[in-house]
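Engineer: First the structure, which I've put down as structure tokens, then a few questions once you've had a look.
The values are calculated or read from the model by the stated rules, or taken from the named source; none is laboratory data. These numbers were taken from a predicted model, which means no experiment stands behind them. Here Cβ is always computed from backbone atoms with ideal geometry, including for glycine, and neighbour counts include all displayed protein chains.
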Amino acid sequence: MSTGPAYRVLYLLTLKPGAEDAFLAAYESVRWLVARTPGHLGDQVCQSTDSPGEWLITSQWRSAEDFLAWERTPEHQALAAPMMATVARRKSLRYTIHRDTARAETGGAPWNDTP
């Protein structure tokens, strides 16, 4: 089992014009496969309300080691390829989580909530 603080990965994406449906179909086809990856805690896909061509994928991992191990696999590259084919520009940001405030009634759970 990996150790260390939880890890958040953000992908800021600009889709190719008219690629929204293909992007969402590609995301839908892989999201539950990725969810079974050891250390994966969850993810979200979000569309900008100000600029509909701008999208955000966030994923949370038990640790940086878990994410980096997954990212290096050939399976990751193969699963991401259909989504990335719809993307004109992307930027990846990575953070360790030092505090997490989650509401139990919404199904959230604090992963690293010690002062």
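Engineer: Report, by residue number, each residue of segment 1-56 that is closer than 14 Å to Pro82 by Cβ, surrounded by 13 or more Cβ atoms within 10 Å (Cβ to Cβ) and modelled with pLDDT under 95.
Structural biologist: Result: Val30, Arg31, Val34.
Engineer: Quick one: would you say Gly53 is of a type outside the set (D, E, K, R), more than 22 Å from Arg89 (Cβ to Cβ), free of Cβ contacts under 8 Å to residues at least 40 places away in the same chain and touching a Ser or Thr at 6+ places or on another chain (Cβ under 7 Å)?
Structural biologist: No.
Engineer: Residues of segment 34-65 being touching a Leu at 6+ places or on another chain (Cβ under 9 Å) and among the charged types (D, E, K, R), which ones?
Structural biologist: If the condition is that a residue be touching a Leu at 6+ places or on another chain (Cβ under 9 Å) and among the charged types (D, E, K, R), then Glu54, Arg62 are the ones that fit.
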